[in-house]
Amino acid sequence: MIPTELAATADRILAVAAGLRENGSDQDALDALTLSRELTRAISQLQVEAVAVLQRSGAFAAAGHRRPDSAVASVLTVDRGRAREIVRAAEHVAARVDLQGQVLPPLLPAMAAAFTSGAASLQHIDLIARLLDSPAARRIPPYAWAGIEEQIAAVADTCTPTELARFGAELVRAYDQDGAEPDDREPVQVNELRLTPLPGGGGKISGVFTDPVRYAMIATVIDAKATPLTAQDPRSAAERNADALTEVCGFVATHGDTILPDKAGERPHVAVTVRLADLENRARAACLDLGGTPTPAALRALCCDAKVIPIVLDGDSQPLDIGREARTIPLPIRRAIVARDHGCAHPGCDRPPSWCEIHHIKEWARGGHTKTDNLVMLCWTHHQEIHSTEWLVRIARDGLPEFIPPTWLDKERTPRRHPRTAPPGRPDSTRPPQTNPGRSVSRVPR
């Protein structure tokens, strides 16, 4: 009954959107945008309650998921961070069941009431749940937190999520003026460095170092290498700093064999993937291991570096096969899998190659070969899921990995594949998943 009702509701919403697209007025558009706020919050309630029911019943655990985040991400086809928001909300504003089967009230009863009434959004709940889990909030006794939460919930409908989180943090600080006990009062340092890849290649590096020693060490090295080459050096200070960091990291990559630890079974390196046809065309196109396409000049410079590993692909991108002589994945084989999968091949996963393991689709112990058409790159989470859930993975006829979801997720079990799992430059990299039986299927009995 519920799927039918939801499908009918979805059809009506889509019909309204179509009518708005065809001949909607400005007032119609404004009304629709205003009402979509309530609709969005209603959908969030539906998702949170559904996840809460599945958690209380143990359905996620029964399906082999140690954490529900990945299962929710697969069902909704969203990033795992978004799935985590839904799960966190379910853990804080939905009824819970203890080990004896007793139903317990939500951890955030006031916010749960605001969420149910539509006064609070999913993001409101997520940020206040994080606040509740902060060290300062955990020091507040339950009766005092109840009063603080009521004040927070009372203004949720008039605040953005960020404003509400800031207001809540101020209330917590006002109550917790003394802070932690004297033995725990040593200031907590924040030392963070974030690497964010950009869609077109390259990336953004940002960081905060409150430890003066660490900052001074970094600043001293960068400052030494960022000195202007001449009095007429056209580079800005920021450009010189960027060049200095690149040069220092390049030196360490080249000469740091005794410093840098192994990463995923080999020393850190830059891998450049180039098709044979492009190589014969004087290497006018290539793809870097972590994304991005270097210019021809930069590519030629990279190829002169002994620490840069060139990976040449033939038309099928399947050049290597070592049979059953070894279970351990040799570096050339791993590099071939990296060149094909570019990271975790599970649909929707963004883990890079350095975070991934190589999985034998047909287990080596059961006769599976250590060759590219029996291997797939998976992050730790999805590697565990392949072994503990009903997800299947296989290599399709075009040589690319595809995943078959369990029946509880997709009754048709339509194969899925990651959009990036295609050789660089292949024009058919975005074609829909193949429905042929493929060559190898991984299904590990529980």
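Can you give me the Cα centroid spacing of segment 45-81 and segment 327-399 in angstrom?
What the calculation gives is 24 Å, centre to centre.
For a test of the definition: using alpha carbon positions, the gyration tensor, and the 1.5 limit on a/c, classify segment 71-134 as rounded, prolate or oblate. Present the calculation step by step, with values, prior to reporting the outcome.
Working: a/c = 1.77, a/b = 1.21, b/c = 1.46.
Since a/c reaches 1.5 but b/c is at least a/b, the shape of segment 71-134 is classed as oblate.
At 0.36 nm per residue, and after removing the present C-alpha to C-alpha distance, how many nm does the segment from W408 to I218 gain when stretched out fully?
Details: separation 190, 0.36 × 190 = 68.40 nm, distance 5.12 nm.
Answer, rounded to one decimal: 63.3 nm.
Taking 30 Å as R0, compute the FRET efficiency from the Cβ-Cβ separation of A174 and S206 and round it to 0.05. Before the final figure, lay out the partial values.
Values: r = 31 Å, r/R0 = 1.03.
So, using R0 = 30 Å, E works out to roughly 0.45.
What FRET efficiency comes out for the pair I43/S354, r = Cβ-Cβ distance, R0 = 30 Å, nearest 0.05?
Efficiency, from the Cβ-Cβ distance: 0.25.
Quick one: which residues, 5+ away or cross-chain, put their amide H under 5 Å from the amide H of V376? H built at 1.01 Å from N.
For V376, whose amide H was placed from the backbone, the distant partners under 5 Å are H359, I361.
For the residue pair C159 and T34, what label-to-label distance in nm results when each label sits 7 Å from Cα along the Cα-to-beta-carbon direction?
With each label point 7 Å from Cα toward Cβ, the separation is 2.5 nm.
Working from the alpha-carbon coordinates of segment 1-83, get Rg over Rh, Rh being the Kirkwood radius.
Using Cα coordinates only, the ratio equals 1.10.
No value in this document is a laboratory result; all are computed from the given coordinates. Bear in mind the structure is a predicted one, so any value in this text is a computation, not a measurement. Cβ sites come from the backbone with ideal geometry, for glycine too, and all protein chains shown count toward neighbours.
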